[in-house]
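Read the structure below first, then the notes.
The values are calculated or read from the model by the stated rules, or taken from the named source; none is laboratory data. The structure presented is a predicted model; accordingly, all values stated were derived computationally and were not measured. For neighbour counting, all protein chains shown are included, and Cβ atoms are generated from backbone atoms with ideal geometry for every residue, glycine included. In case anyone asks, the SASA skips ligands and DNA or RNA and just uses the protein heavy atoms, side chains included. Shrake-Rupley method; radii C 1.70, N 1.55, O 1.52, S 1.80 Å.
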Amino acid sequence: MNTILLYDADGSIFQSCSCKKENTEDNLGFIYNLDDALIKFENKVMFTINLLEKDYDFQILHTLLFLEGQGNFRKAFNKSYKANRKEQARPPLINTLRDEIVTRYSNDQFSTFKSINVETDDSLAATFMKHHLNDYGIQLIVVSPDKDLKTVPCLLFDNYYTRNELTSITELEAKRNLYTQMLVGDAADNIKGIKRMGKVGAEKLLKNASSEFTMKRIVYMKYQDQFKRRAKDEYLKAWFSLQLNTEVHTPELDAIMFNAIN
């Protein structure tokens, strides 16, 4: 089937600038040669393309690489969003590699898109939701290892190196994944969640919920138990922080799809 990949490139870029600490002279685990990083990135992308074509019989017409841009609207209403992230050394090549990818991956088979005031996840979700029903008969596949993309009803390929799994996420499953995150919280994004609520417990709590309304009630009651008078504020803060924004600027995918089949 004719297919276009919506590829979350941020993780692959980070991985391509890094390696095992014991493989570097300074024991920091960074790659300092741009050509080496480019080869590593290309191998990662091509592995995904080849696997999807060989194992799932998709014909990949084009791969759109989504990159981190500037700004994040979530920090405007949630000052604590990602505030707990410790300062860690970033690979020195990461910005150079990102710029080089923008330059090199601009042809009939590849293109790039930088997010504006949103996260890469938002741009990926918005692009899929806007274009997955198209007049060209082209299948869109989101490629990302990020669990946040599981809150979107989409065809998702998890390209984390130990998984490499293709999953069709329904609308109800996407909602259940979102409210599961609200219960569990997200330490990486500084979302509190419910104390002592693990993923297994959250999934069990929401297992029989057959509508979003029911899920909302279950989760909000838990927030009331924990946060009391602050329940509404904490609930809304978590929801707006975790819910991906699908009403944002997206790439001109119609033109890409038209050119891909002509």
(message) So if the hydrodynamic radius of the chain is defined as the Kirkwood radius over C-alpha pairs, what does Stokes-Einstein give as its diffusion coefficient at 25 °C and 0.890 mPa s, in µm² per second?
(response) 123 µm²/s
(request) Kindly sort Met215, Met129 by accessible area of their heavy atoms, largest first, with the probe set to 1.4 Å. (result) Met129, Met215
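What number, in nm² with one decimal, is the all-direction average of the projected area of the convex hull of the alpha-carbon atoms of the stretch 136-236?
Details: hull surface 31.6 nm².
It is 7.9 nm².
Determine the share of the stretch 152-219's accessible area contributed by carbon and sulfur atoms, expressed in whole percent, with a 1.4 angstrom probe.
Working: 1940 of 3780 Å².
Its accessible area is 51 percent carbon and sulfur atoms.
Using a probe radius of 1.4 Å on heavy atoms only, what accessible surface per residue do you get for the chain? Whole Å² is fine.
Numbers: 14580 Å² over 262 residues.
Roughly 56 Å² per residue, with all protein chains present.
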(message) Could you work out [θ]222 nm for the chain from helices alone, using -39500 (n - 2.57) per DSSP H run of at least four and dividing by all its residues? Round to the nearest 500 deg cm²/dmol.
(response) -13500 deg cm²/dmol
(message) Heavy atoms of the protein only, probe of 1.4 Å, neighbouring chains included. What is the accessible area of Thr48 in Å², nearest 10?
(response) 0 Å²
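May I ask you to list the GluC sites (Glu not before Pro) in the stretch 181-262 that are in a DSSP loop and have at most 15 other Cβ atoms within 10 Å of their Cβ? Before the final figure, lay out each step's value.
Numbers: sites: Glu203, Glu212, Glu234, Glu247, Glu252; in loops: Glu247, Glu252.
Listed in order of number, the matching sites are Glu247, Glu252.
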(request) Go through Lys130/Lys232; Lys114/Lys195; Lys20/Lys192; Lys21/Lys237; Lys114/Lys204; Lys114/Lys150 and tell me which ones have a Cα-Cα distance over 29 Å in this structure. (result) Lys130/Lys232; Lys114/Lys195; Lys20/Lys192; Lys21/Lys237; Lys114/Lys204
